[in-house]
Amino acid sequence: MGHQRAERQGIRRTGEDAVELMSDFDLDLRALDIFVTVVETGGMTAASQHKEISQSAVSQAVGALEKKMAVQLMDRSVRPPALTSAGRTLFERAKSLLDTARETSFLVRAYQQRSLPRLNVGMVDSYGTTVGPHLVSGLMDEAVEWSVWSGLTKLHFKRLFTREVDVVITEGSIPADERIISHRLLKEPFVLALPVNYRKPVQSLDQLNQDLPLVRYSSRSLTGMNIENHMRSLDIIARRRFEFDTADTTLAMVAVGIGWAITTPLCLLQAKTHLGNIRCEPLPGPAFSRSLMLATRRHELESLQKMISDISRDTLTQKCMPEIAQFAPWVTDKIEIGED
């Protein structure tokens, strides 16, 4: 009897130990998320604004974590509060833990519903106008709701990391990050767009710059910054008079004879209503091109990424390239679709 009682007590102690052990892993993911936001935004006030909750709620969440783990995470004796050694360790581990939790939730819901509840896509304007409709048409059953964000491409990657968007199709290189999977959809050269009544042969950008003002893409855009850097590398300084956010507006200005522009075949295709009044010519000087990249978060939408790539390749090959050949046949063999 004594042995059985001791054995039962041993079982009970084991059970209590198990409960105590489990409590060590009872981390509140919401509190962790708030703590990470405090660190990333630089303080509790900024975190409360970012999360749209009260500063008191932020403070309570961090305090609850400290109480639960019996450690001090923030050194509040300095302004702004700084991370302790324990706080730095938790911050580094918490980011990975939160990413895993979000990925797990995303995959489980997607499997259950067989289609995504909502798909948010960040897409460069020229791609959204020319290829975007075919993408949405071909993939419309993959998500219940679609939202496509265009605008300045510099914000696309930030929105991918903050989970405001799920897929990014944008210009430029992809930041190295193990959480992201990416590949190239298109590489296209920059070309000249001239008013149709400008009949001189173009020998150099210097000569063109003396004859007509440059109609710029916005310096806030990646395209605009890359063109500006290219001009500087050639020691060409163009007077800053006209600057526009979109390819359609920029090329509309060229079409009415205001000036000339450096652009790409896809941008010209986006603005095809103006092509009757635009003369497209090769860009003199060294080769200059842009790449459009597709990126998603790793382990979340990799199968959708392949579908997007396939539809993009077919659309670019079968629809876009024949249209580009009508106004610039000399450029089609310089366009690369897909990876190298």
What's the magnitude of the charge dipole for region 166-253 around its Cα centre, counting Lys and Arg as +1 and Asp and Glu as -1 at the beta-carbon? Answer in Debye, nearest 20.
360 debye
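How long is the gain from LYS319 to GLU302 if the chain were fully straight, where each residue apart is worth 0.36 nm and the alpha carbon distance is subtracted?
Details: separation 17, 0.36 × 17 = 6.12 nm, distance 2.53 nm.
Difference between extended and current length: 3.6 nm.
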Filtered trypsin sites (Lys or Arg not before Pro), region 229-266: DSSP coil and at most 10 other beta carbons within 10 Å
ARG239
So what does log10 I(q)/I(0) come out to for the chain at q = 0.08, 0.10 Å⁻¹, using the Debye formula with one equal point on every Cα and no solvent?
-0.55, -0.76
With springs only between Cα atoms under 10 Å apart, run a GNM on the chain and tell me which of GLY172, GLY259, GLY42 wobbles the most.
GLY42
Can you sort LEU268, LEU27 by solvent-accessible area, 1.4 Å probe, largest first?
LEU27, LEU268
For region 76-90, what does the Karplus curve 6.51 cos²θ - 1.76 cosθ + 1.60, with θ = phi - 60°, yield as ³J(HN,Hα) per residue in whole Hz, taken in order and with x for Gly and Pro?
8, 7, 10, 10, x, x, 10, 6, 7, 4, 5, x, 5, 4, 5
What is the Cα coordinate range of region 204-340 on the first, second and third principal axes, sorted by size from largest, in whole angstrom?
51, 31, 26
So which residue, out of PRO322, PRO195, PRO80, gets the largest mean-square fluctuation from a GNM of the chain using Cα contacts under 10 Å as springs?
PRO80
Can you list the lysines whose alpha carbon is less than 19 Å from that of LYS319, not counting same-chain residues fewer than 8 positions off?
LYS187, LYS272, LYS334
In terms of Cα to Cα distance under 14 Å, which aspartates and glutamates are near enough to LYS158, apart from those fewer than 8 places away along the same chain?
GLU40, ASP166, GLU171, ASP177
Which order do LYS187, LYS68, LYS306 take by accessible area at a 1.4 Å probe, largest first?
LYS306, LYS68, LYS187
For LEU83, what accessible area in Å² do you get when you roll a 1.4 Å probe over the heavy atoms of the protein chains, rounding to the nearest 10?
40 Å²
On C-alpha positions alone, give me the angle between the axis of helix 222-233 and the longest principal axis of the chain, in degrees, nearest 10.
60 degrees
Express in Å², to the nearest 10, the accessible area of ASP206 obtained by rolling a 1.4 Å probe over the protein heavy atoms while all chains stay in place.
80 Å²
Highest GNM mean-square fluctuation among ARG76, ARG163, ARG290, for the chain with Cα springs under 10 Å, belongs to ARG76
The chain - mean residue ellipticity at 222 nm from DSSP helices (-39,500 (n - 2.57) per run, n ≥ 4, rounded to 500)
-15000 deg cm²/dmol
With the contact rule set at Cα under 8 Å and sequence spacing of 6 or more, what percent relative contact order holds for the chain?
19 percent
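The values are calculated or read from the model by the stated rules, or taken from the named source; none is laboratory data. These numbers come from a predicted model, not from an experiment. Quick reminder, even Gly has a Cβ in these numbers, built from the backbone with ideal geometry, and neighbours come from all protein chains shown. Note: accessible area is taken over every heavy atom of the protein model, side chains too, but ligands, DNA and RNA are not part of it. Shrake-Rupley method; radii C 1.70, N 1.55, O 1.52, S 1.80 Å.
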